[in-house]
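Student: Before anything else, here's the structure in question.
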């Protein structure tokens, strides 16, 4: 009987722990989806040569909102049920530096959109999106 109670308690504990991080996992997945969608729009605009600074500014605001939220959305123990690899928490300093670079690139993009500075806008966008592939390889499980 005692073994069954201990097993039941452990199962409830694990289930409660996974549920505890459901909001963070959903929020970070939403942030990454928002980044992906907005990056695609910006990329298409840049490829076409369409420099609509008002639209870039609106997209920059969304991108910075998403990128600046990410660091707080990876609490220890929130891997279960997510696409994140264990490496996120084992190498959190390195992962965090990637998030900082992503965020700084989008901050630069957003500031350049407000200033209507084409060269800085393109540079900020490239800096931000240049971090994606490396982080995905090391820190994200393939779907």
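The values are calculated or read from the model by the stated rules, or taken from the named source; none is laboratory data. The shown structure was predicted, so the numbers you read here are calculated from the model rather than taken from an experiment. Ideal geometry is used to build each Cβ from the backbone, glycine not excepted, and the neighbour counts take in all protein chains shown.
Student: Is at least one residue of the range 29-45 more than 23 Å from residue 135 (Cβ to Cβ), at pLDDT 90 or above and not in a loop (DSSP other than H, G, I, E, B)?
Tutor: Within the range 29-45, one or more residues are more than 23 Å from residue 135 (Cβ to Cβ), at pLDDT 90 or above and not in a loop (DSSP other than H, G, I, E, B).
Student: Hey, can you tell me all the residues within the range 64-91 that are over 20 Å from residue 23 (Cβ atoms) and part of a helix (DSSP H, G or I)?
Tutor: 64, 87, 90
Student: Which of the helices (runs of 4 or more DSSP H) found entirely inside the range 92-143 contain at least 3 residues meeting this: out of contact with any helix residue (DSSP H, G or I) (no Cβ under 6 Å at 6 or more places or on another chain) and over 27 Å from residue 77 (Cα atoms)?
Tutor: Because the criterion is at least 3 residues that are out of contact with any helix residue (DSSP H, G or I) (no Cβ under 6 Å at 6 or more places or on another chain) and over 27 Å from residue 77 (Cα atoms), the helices (runs of 4 or more DSSP H) in the range 92-143 that meet it are 118-129.
Student: Which number in (1) in a helix (DSSP H, G or I); (2) over 17 Å from residue 107 (Cα atoms); (3) within 15 Å of the chain's Cα centre (by Cα) marks the one condition that residue 60 misses?
Tutor: (2)
Student: Next question, about the same structure. Give the residues of the range 99-117 that are surrounded by fewer than 18 Cβ atoms within 10 Å (Cβ to Cβ) and either farther than 30 Å from residue 54 by Cα or within 14 Å of the chain's Cα centre (by Cα) (or both), sorted by residue number.
Tutor: Correct list: 100, 101, 104.
Student: Within the range 75-86, does at least one residue satisfy the condition of being over 14 Å from residue 136 (Cα atoms) and within 11 Å of the chain's Cα centre (by Cα)?
Tutor: No, the range 75-86 contains no residue that is over 14 Å from residue 136 (Cα atoms) and within 11 Å of the chain's Cα centre (by Cα).
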